[in-house]
Amino acid sequence: MRLSNYPSTLIKISLHVIAVLAIAAFMTGLTVAQTPGGTVISNQASATYSDGTNSYSTVSNTVTVTVSNVSGLTITPDAGSNPSVVAGETGVVYNFTVTNTGNFSNQVRFLASGASVRVNGPGTITRAVIDVNGDGLIDAGDTDILTNGAAVDSANIAQIANIHVLVEVSVNAGATAGQSVQVVLGDATADNQPADSSANEVQTVSALSVNGLREAIGDISAAVVNDGLLRLTLTAPPGPVNLGSDITYTWQLANNGARTVSGVTLNASNQVYIIAPIPLNTALKAGQTFPANTLY
């Protein structure tokens, strides 16, 4: 019955290749469509063979393998950008996405007293929260991670699910155009790195994974620009002028800032208005045509 050894050899080779592929997937840190941790995978081989006269079949024992828990964490964006800001602006919100890239539900830990979030540049962090209801607003139901006296753990985050962290910043009154206000969440060198108990980290919580605790980092910047900046130029004849002659005044209004200027409403019309008093001992010349919505 020498032929019966041959199928047995093939079965051993096939099982060995499957094991190598599983190890390779773990080592490369695949995060897409991972098999959930705790999943039991069963395998059983069968063989059919003949000695030339009779046919035979056999079934192996069942081998089971349990998928290990693997932790993973990312924070986005990296080198992200917010709309531009101006000196003295308040309530500027930076929105981060914190994703559990592991293969089992896990929590995320933020360090005490807001240590996990920092600002670089002319700004001050005024609030930082886990956006519990996901509405993109800092409101009553959110979890504070700035003024907490102890570390804060998020609720469990399902595999490949995420939470949002909102950080509110006030731009310093002395900020100047060309500067940048950057908010950094975490302090890892890259996403999904081994946690090292550093001073500003954001890390996973569960110790039940084969690769230990993980940490990540994200950052968003906003450029400081000039606010709306109106410049009004008035020109007139140098004088002296003769009695009874005309004096022509010219006004030129320009917005030299980086933001749109809103008008005010006068006589039910919303405009940017130039207030031009008529000088003493003069009178407005009749017969002139003025721009639409001029009030005089």
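Return the only residue of Ser269, Ser262 being hydroxyl-bearing (Ser, Thr, Tyr), out of contact with any Lys or Arg (no Cβ under 9 Å at 6 or more places or on another chain) and open to solvent by less than 90 Å² (accessible area, probe 1.4 Å). Quick ask: steps written out before the conclusion?
On the way: Ser262 fails: open to solvent by less than 90 Å² (accessible area, probe 1.4 Å).
Selected residue: Ser269, the only one of Ser269, Ser262 that is hydroxyl-bearing (Ser, Thr, Tyr), out of contact with any Lys or Arg (no Cβ under 9 Å at 6 or more places or on another chain) and open to solvent by less than 90 Å² (accessible area, probe 1.4 Å).
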Inset, instruction - Within segment 241-259, track down each residue that is open to solvent by 80 Å² or more (accessible area, probe 1.4 Å) and in contact (Cβ under 8 Å) with a residue 12 or more places away in the chain. - result: Asp246, Thr248, Tyr249, Trp251, Gln252, Asn256
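If I go through segment 126-179 residue by residue, how many of them are of a type in the set (Ser, Thr, Tyr), touching a residue at least 60 places away in the same chain (Cβ under 8 Å) and touching a Ser or Thr at 6+ places or on another chain (Cβ under 9 Å)?
Within segment 126-179, the first condition is being of a type in the set (Ser, Thr, Tyr), and the residues that meet it are 126, 143, 147, 154, 170, 176.
Still in the list and also touching a residue at least 60 places away in the same chain (Cβ under 8 Å): 170, 176.
Keeping just the survivors that are touching a Ser or Thr at 6+ places or on another chain (Cβ under 9 Å) gives 170.
Here the count works out to 1.
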Inset, instruction - Could you look through segment 162-188, keep only residues that are assigned to a loop (DSSP other than H, G, I, E, B) and under 17 Å from the mean Cα position of the chain (by Cα), and pick out the one that is surrounded by the most Cβ atoms within 10 Å (Cβ to Cβ)? - result: Gly186
Inset, instruction - Output the residues belonging to segment 46-67 that are in contact (Cβ under 8 Å) with a residue 40 or more places away in the chain, part of a loop (DSSP other than H, G, I, E, B) and open to solvent by less than 60 Å² (accessible area, probe 1.4 Å). - result: Ser60
Legend entry - Subset tally (residues that are closer than 20 Å to Thr233 by Cβ and surrounded by 10 or more Cβ atoms within 10 Å (Cβ to Cβ)) for segment 272-296: 7
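For segment 210-240, which positions are under 27 Å from Gly114 (Cβ atoms), open to solvent by less than 40 Å² (accessible area, probe 1.4 Å) and part of a loop (DSSP other than H, G, I, E, B)?
Hits for segment 210-240 are Gly212, Ile217.
The values are calculated or read from the model by the stated rules, or taken from the named source; none is laboratory data. Only a predicted model underlies this, so the values are computations on that prediction, with no experimental measurement involved. Backbone-built Cβ (ideal geometry, glycine too); neighbour counts: all protein chains shown. Only protein heavy atoms, including side chains, enter the accessible area calculation; ligands, DNA and RNA are left aside. Shrake-Rupley method; radii C 1.70, N 1.55, O 1.52, S 1.80 Å.
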